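Colleague: Structure in structure tokens, see below.
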Amino acid sequence: MEQLNVSVVDIMGSYYEMGLMQGKEIKKSTQLMKQLDFLEFLTTNIDPLKAKKILTELSPNLLEELKGIANELNIELDTIIKLYSGYNLAFPSMGCTTLIQEDYYVRNYDFSPEVYDARIVFSNPIKGYASVGFSQNVIGRLDGMNEKGLVVGLHFVNDEYKGEGFLATTIVRLLLDQCSTIKEAVHFISTIPHRFCYNYSITDVSGEGVVVEASPDKQIVHTNNPLICTNHFESVTIQEKNKKTIHGSIERKEYVGRLVKEELSPIAAYQHFNDGNSPLFFKYYKEHFGTLHTVVYLPKDLSVIIGVGENCEPVIFSLKEYLDGEVILPKVIKGLINRQG
């Protein structure tokens, strides 16, 4: 067993100030500095001007955050946009399984620890919604919940069908910053250019569950309760954009469908997803398919249950208490992963 440490990050103020904070964090973090080298390799042929133009229109706040990072790292803004904006970036495939019930959203995120930020970020911007979520490429989010109770997570589908646009990690971040409801989130997804094919699983205080199947040229919305989301498209008109082999994704979805009948409480759902022997927990870390975190978001009371690695004693936070200044955040959440699994 190997220890996995996830940093708990608290950023607030203007978007520029939050960028400065994260620039300082990057300089101090071995993991984030290694990631910087990895991103430089991936972004050699990217033109940042289009990304800057789109962000100026859709999210000038995020552009300010990138400016703060650039200034703190003493790197040109165009280079930082290429590295961190998620525009036209290539990225390895990942897996994840989500169940949305009326009162909670539970999710396992499966990837490789080598290219994992290992950060959960509490963000309280002056001109955007406060949120809590797991980051990727520093400014992006893998999943998260904002102060309005909107919860969003991404599910990789395919990178063979690609267009000019943003990675899902950036899109999730923008949704959390700018949208308060499912309706607003679904509309926003239809307005931004998409790089690859992803599912977005979404809920809010209504308890409704929605998945947006998003390819670069089409986005299709499905509503269900309970809602189960994995890593393939189900709409007939875009099924050809799935990977050639999706049986694992289908099996996970079918398993969760049977699990729904047990009517699990939020903590019971967490325990089932986080169990190292669960069919939903994977240990293929070398193949970019090992479970790194389990998270349960409860939008009605703005609480979040977090576990790192397998069989982790859950850590529970309240986003409301964070905003009220009533919680002292730890510096790190520790867990264990088994690379030999």
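Colleague: Can Asp10 be described as farther than 27 Å from Thr294 by Cβ, surrounded by fewer than 18 Cβ atoms within 10 Å (Cβ to Cβ) and charged (D, E, K, R)?
Modeller: When the stated conditions are applied, Asp10 does not pass them.
Colleague: Here is a further query. With Glu263, Glu287 as the choices, which residue is surrounded by fewer than 20 Cβ atoms within 10 Å (Cβ to Cβ) and over 21 Å from the mean Cα position of the chain (by Cα)?
Modeller: Glu263
Colleague: Out of the range 306-341, which residues are open to solvent by less than 10 Å² (accessible area, probe 1.4 Å) and either over 12 Å from Leu4 (Cα atoms) or among the charged types (D, E, K, R) (or both)?
Modeller: Ile306, Leu319, listed by residue number.
Colleague: Can you work out which of the residues in the range 146-168 that are open to solvent by 10 Å² or more (accessible area, probe 1.4 Å) and in contact (Cβ under 8 Å) with a residue 60 or more places away in the chain is farthest from Lys241 (Cα to Cα)?
Modeller: Within the range 146-168, the match that is farthest from Lys241 (Cα to Cα) is Glu147.
Colleague: For the range 230-245, what are the residues that are open to solvent by less than 40 Å² (accessible area, probe 1.4 Å) and β-branched (Val, Ile, Thr)?
Modeller: Pass one, the range 230-245, residues open to solvent by less than 40 Å² (accessible area, probe 1.4 Å): 230-233, 235, 238, 241-242.
Once the filter is applied, which keeps residues that are open to solvent by less than 40 Å² (accessible area, probe 1.4 Å) and β-branched (Val, Ile, Thr), the range 230-245 yields Thr230, Ile238.
Colleague: Need a quick list: strands (runs of 3 or more DSSP E) entirely within the range 77-130 having at least 2 residues that are open to solvent by 10 Å² or more (accessible area, probe 1.4 Å) and in contact with a Phe, Trp or Tyr (Cβ under 9 Å, 6 or more places away or on another chain).
Modeller: By residue number, no strands (runs of 3 or more DSSP E) qualify.
Colleague: Same structure again: Just to be sure before I move on: is Phe317 more than 30 Å from Phe233 (Cα to Cα) and modelled with pLDDT of 95 or more in the structure I sent?
Modeller: Judged against the criteria, Phe317 is a match.
Colleague: So Glu160 clears everything in (1) at pLDDT 95 or above; (2) closer than 20 Å to Asn231 by Cα; (3) over 15 Å from the mean Cα position of the chain (by Cα) except one condition, right? Which one?
Modeller: (1)
Colleague: So which residues in the range 161-211 are part of a loop (DSSP other than H, G, I, E, B), within 19 Å of Gly95 (Cα to Cα) and touching a helix residue (DSSP H, G or I) at 6+ places or on another chain (Cβ under 9 Å), if there are any at all? If you could, list the steps in order and put the result at the bottom.
Modeller: First, pick out the residues of the range 161-211 that are part of a loop (DSSP other than H, G, I, E, B): 161-165, 167, 179-181, 192-193, 195-196, 204-208.
Those left that are additionally within 19 Å of Gly95 (Cα to Cα): 161-162, 167, 195-196.
Hits for the range 161-211 are Tyr161, Arg195, Phe196.
Residue-wise test of (1) open to solvent by 20 Å² or more (accessible area, probe 1.4 Å); (2) of a type in the set (Asp, Glu); (3) touching a Leu at 6+ places or on another chain (Cβ under 8 Å); (4) part of a strand (DSSP E or B).
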| residue | (1), (2), (3), (4) |
| --- | --- |
| Val132 | no, no, yes, yes |
| Val138 | no, no, yes, no |
| Gly144 | no, no, yes, yes |
| Glu213 | no, yes, no, yes |
| Val221 | yes, no, no, yes |
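Colleague: Same structure again: Considering only the range 16-39, I want to know if a residue exists there that is small (Gly, Ala, Ser), surrounded by fewer than 18 Cβ atoms within 10 Å (Cβ to Cβ), touching a Gly at 6+ places or on another chain (Cβ under 9 Å) and within 19 Å of Arg173 (Cα to Cα).
Modeller: Scanning the range 16-39 turns up no residue that is small (Gly, Ala, Ser), surrounded by fewer than 18 Cβ atoms within 10 Å (Cβ to Cβ), touching a Gly at 6+ places or on another chain (Cβ under 9 Å) and within 19 Å of Arg173 (Cα to Cα).
Colleague: Could you list all residues from the range 59-76 that are without any contact (Cβ under 8 Å) to a residue 60 or more places away in the chain and either buried (at least 22 other Cβ atoms within 10 Å of the Cβ) or assigned to a helix (DSSP H, G or I) (or both)?
Modeller: If the condition is that a residue be without any contact (Cβ under 8 Å) to a residue 60 or more places away in the chain and either buried (at least 22 other Cβ atoms within 10 Å of the Cβ) or assigned to a helix (DSSP H, G or I) (or both), then Pro60, Leu63, Glu64, Lys67, Gly68, Ala70, Asn71, Glu72, Leu73 are the ones that fit.
Colleague: Hey, another quick one. I'm trying to understand the selection: among the residues of the range 213-257, which are modelled with pLDDT under 95 and under 15 Å from Gln101 (Cβ atoms)?
Modeller: Asn224, Asn225
The values are calculated or read from the model by the stated rules, or taken from the named source; none is laboratory data. This is a predicted model, so every value here is computed, not measured. Methodologically, a virtual Cβ is constructed for each residue, glycine included, from the backbone with ideal geometry; neighbour enumeration extends over all protein chains shown. Surface accessibility is based on the protein's heavy atoms, side chains included, excluding ligands, DNA and RNA. Shrake-Rupley method; radii C 1.70, N 1.55, O 1.52, S 1.80 Å.
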